[in-house]
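Just so you know, all these numbers are worked out from the coordinates, no wet-lab data involved. Predicted model, so just to flag it, every value in this text is computed and none were measured. FYI the Cβ positions are ideal-geometry reconstructions off the backbone, even for glycines, and counts take in every protein chain you see.
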Amino acid sequence: MWLVFALLSAVFAALTSILAKIGIDGVNSNLATAVRTMVVVFMAWGMVFLTHAQNGIWQISRKSWIFLILSGLATGASWLCYYHALQTGEVSRVVPIDKLSVVITLVLAFVVLHEEFTVKALIGCVLIGAGTLVMVI
């Protein structure tokens, strides 16, 4: 089932870029990011209450709080930079560079989480990097 959700995530991420580029026209990129964030906040909390998960908030450990907050700060910084890049650049050039996050994530998973870095992962990273260069140049 994870594969279905991963594919849906890719489709929605693609829609995000196209819809954002259209919607950001004539709007300050920081303001656009704030509007988008408010929608995400309402949607996320809606799902929490829809699935009756709100009581789980009291079981979140201190460590989890810290890392979830740091993750949120990283997401916010990413979105602010992404929207500014979208506003000033072409979607077809911004998105491939943004997707270099896959390569960076794999390297960080290896270094920080001690996940296995296979030959297949290395080849994938090289191909993503090369593909990004081809698309941007």
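Some notes on this structure:
- Quotient of the Cα radius of gyration of the chain and 2.2 N^0.38 Å, N being its number of residues: 1.22.
- Rounded if a/c under 1.5, otherwise prolate or oblate - the range 68-137, Cα gyration tensor axes: oblate
- Normalised contact order of the chain, rounded percent, pairs of Cα under 8 Å and 6 or more residues apart: 29
- Cut-off 13 Å between beta-carbons: net charge of the residues surrounding Ala14, Lys and Arg +1, Asp and Glu -1: +1
- Rounded, prolate or oblate (a/c below 1.5 giving rounded, otherwise prolate when a/b exceeds b/c) for the range 28-70 by Cα gyration tensor: oblate
- Within a straight-line Cα-Cα reach of under 28 Å, Lys21 can be paired with the following lysines, leaving aside sequence neighbours fewer than 8 residues apart in one chain: Lys99.
- Summing Lys and Arg as +1 and Asp and Glu as -1 over all other residues whose Cβ lies under 10 Å from the Cβ of Ala109 gives a net charge of -2.
- Each peptide in 28-39, 79-90, 5-16 receives the mean, over its residues, of other Cβ atoms within 10 Å, and ordering these scores from highest gives 79-90, 28-39, 5-16.
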